[in-house]
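J.: Attaching a single structure in structure tokens format; questions to follow.
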Amino acid sequence: MERSSSMSEPARGKDRTLLIAAAFAAFTFCYMSFWVFWLYPALINDEYAALDFVYRTLKTGALHLPPHVSYKPYSLIFGLAAFAGGPLTYELINAAFAAALVLVFYLVCRQKLSQGFAALSAVMLIFAVDLFDDVVRGTTIVPGTLCLLAAVLSAPGIEEEPGRWKKYSLFGFLGGFARPESWLLAFPLLWWLFPRSLKLRQLARWIAGPAIIALSAVIWFGKDWFLARNVLYSLEVAQYQKMIGTGKPFTLLECFYWFHQYLSRKLSVPFEIFCYIAFCAYFWENRRRALKDPLIILPVLLFLFLTLLTWLGSYPQMRYFTPLGVFLLIYAGWLLQKIYRFFKSRGRQWPALAAVGLITLEYFLWSGYRTSTAEYKALKRESEVQRQVGELADYFRPLLSDGPRQIMISDRRDDQFGYLLRDLPMQNYFCFREGYYYEKYKGKDFLGFEPEWILWLPDDYQYRGVNDMFTWLNYQDNTELSGRLISLQKTIGDFRIFKVTAADPP
């Protein structure tokens, strides 16, 4: 009986761990769902475009691919799942992914940390600035990060334990539908599964594991070929969006700066530095097996990937840095535990608690401040604007019912506007960023795009050059420019709606 009792102790510990993880996940889903309902609608506009594409394709049986828009396989799959419920369903699906992410995150932390510090790290993630933003906006980085963490959870013992590599590869495959970062999981697998002999089983898994992950990339680019007859279509769209989204190329040094720019918003500068110290300490302690530790090799690959992505192909967004922020919270929990045990081993219980308390208090104070000021206000504003876009769509429905029109609108607003008018013919959109870019760098007047309508909203996904160029739309109701009359027709909320017609001859 004693032996049976002692043998069941690990099982009870595992059950307790799973129970705590499930409790964190349930709280996360309820917490995020509350904000989804409170701030709805706030779906990111890439996903509006996917919903619009799914709707038009299912209704007409033909593909409707607007220029300079690409779709992730995940977006199309869950666009089908959210077809009936629309954007709200999409956001709630993301809340479920966030709950699963917290669950897996806690289990990963338990591989390295005590129950208490794993729980502390999990709470940090639940109230992280960017997770709140990513969930409410419905971004694909949430399921993408979930799959990365699930692969990390499956990695220990992957070389010896039969079948574990299949779980790892499956998570890499699924994550590759949402974000290209998951494709990086194939590279350490080539090292971990390198055959020690010429046995067929070892050779087969060495080839099959990375191939399963790579299959998601094949599907991704195959989707581009199927939709646009261009296997590099997604990359070209990303490059185009970066070109018009920044007004200038980035140097390699500027790409490094974005890491600090975004991570400091998530973590505060002092806690960001603390996390870097934690990573260095973790790396030093595990340096002899660094290439076998997914908590070392994957963040390094992520850093290199994001640097290359920003430098060569994509406009940097805060959500791109979410996976790195999640890894940094693991290192932070690890170093906090080290600090606590250091003081406690010397009989200094209160200094141990004080050190951990001060560091975590700084994190939560910053997280609360940043969330309640910048992120909540931005999302609240986004929700208000998206409601105004709904009114905008109602106003334009009778005006656009007889065919496509050329409409100048803020970048990304065209996606939501198009989704709301998905029962009408697809309109032709171009954004103010394009007008600015082509006039400044190509010498083409924005009126050369021949807009019939201009829908102006100040400071809406614009940088300073764009706002300066079009600031006259804030206060001029009737303007004659390049032989065209730009006249104010209506205001809806903060939107100013202009009709463009030929000017009367003098």
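Where a number appears in this text, it was derived from the coordinates with a stated rule and is not lab data. Since the model is a prediction, treat every value here as computed from it, not as a measurement. Using ideal geometry, Cβ is built from the backbone for each residue, glycine included, and neighbour counts are taken over all protein chains shown.
J.: Could you tell me which of the pairs K14/K167; K14/K112; K440/K490; K167/K199; K242/K440 are separated by over 25 angstrom between their Cα atoms in the structure shown?
T.: K440/K490
J.: Which label marks the calculated value of volume of the Cα convex hull per residue in Å³, given the options (i) 159; (ii) 221; (iii) 183?
T.: (iii)
J.: Given a Förster distance of 25 angstrom, what is the FRET efficiency for D402 paired with A502, based on the Cβ-Cβ distance and rounded to 0.05?
T.: Values: r = 20 Å, r/R0 = 0.78.
Result of the calculation: an efficiency of 0.80.
J.: Once each part is reduced to its C-alpha centroid, what is the distance from region 50-75 to region 376-420 in angstrom?
T.: 18
J.: Something else: Rounded to the nearest 500, what is the chain's calculated 222 nm mean residue ellipticity when only DSSP H runs of at least 4 contribute -39500 (n - 2.57) each, over all residues?
T.: The helix contribution divided over the chain gives -22000 deg cm²/dmol.
J.: Starting from the 7 Å offset along Cα-to-Cβ, what nm value, one decimal, do you get for the label separation of K167 and I359?
T.: According to this spin-label approximation, the distance is 2.9 nm.
J.: Straight-line reach from K499: which aspartates and glutamates fall under 16 Å, measuring Cα to Cα and dropping same-chain residues less than 8 apart?
T.: Cross-link targets: E450, E452, D477, E480.
J.: Okay, moving on. Which distance in Å, rounded to a whole number, links the C-alpha centroids of region 155-172 and region 200-237?
T.: Cα centres, region 155-172 to region 200-237: 20 Å.
J.: Let me ask something else about it. Assign one of three labels to region 76-175, namely rounded, prolate or oblate, based on the Cα gyration tensor with a ≥ b ≥ c the square roots of its eigenvalues; rounded applies when a/c is under 1.5, prolate when it is not and a/b is larger than b/c, and oblate otherwise. It would help to have the intermediate numbers written out before the result.
T.: Numbers: a/c = 3.30, a/b = 1.35, b/c = 2.44.
Note, shape of region 76-175 comes out oblate.
J.: Roughly what would the spin-label model give for F449 and E160, points 7 Å off Cα along C-beta, in nm?
T.: Once both label points are built, they end up 6.1 nm from each other.
J.: May I pose another question? What does the charge count around S487 come to, taking other residues whose C-beta lies under 13 Å from its C-beta (Lys +1, Arg +1, Asp -1, Glu -1)?
T.: My count for the surroundings of S487 gives 0.
J.: Hey, another quick one. Multiplying the sequence separation of A26 and K199 by 0.36 nm and subtracting their Cα-Cα distance, what value in nm do you get?
T.: 57.8 nm
J.: How about K380: which lysines have a C-alpha closer than 22 Å to its C-alpha, ignoring those fewer than 8 places off in the same chain?
T.: In chain and number order, the partners are K266.
J.: Sorted by average packing, counted as other Cβ atoms within 10 angstrom per residue and highest first, what order do 133-143, 455-465 take?
T.: Ranking, from highest mean packing down: 133-143, 455-465.
J.: Further question: For K59, which lysines qualify as cross-link partners when the Cα separation must be under 29 Å and same-chain residues fewer than eight apart are set aside?
T.: Result set, ordered by chain and number: K72, K223.
J.: At R346 and L488, where each label point lies 7 Å from the Cα along Cα→Cβ, what is the point-to-point distance in nanometres?
T.: If labels sit at R346 and L488, their model points lie 6.8 nm apart.
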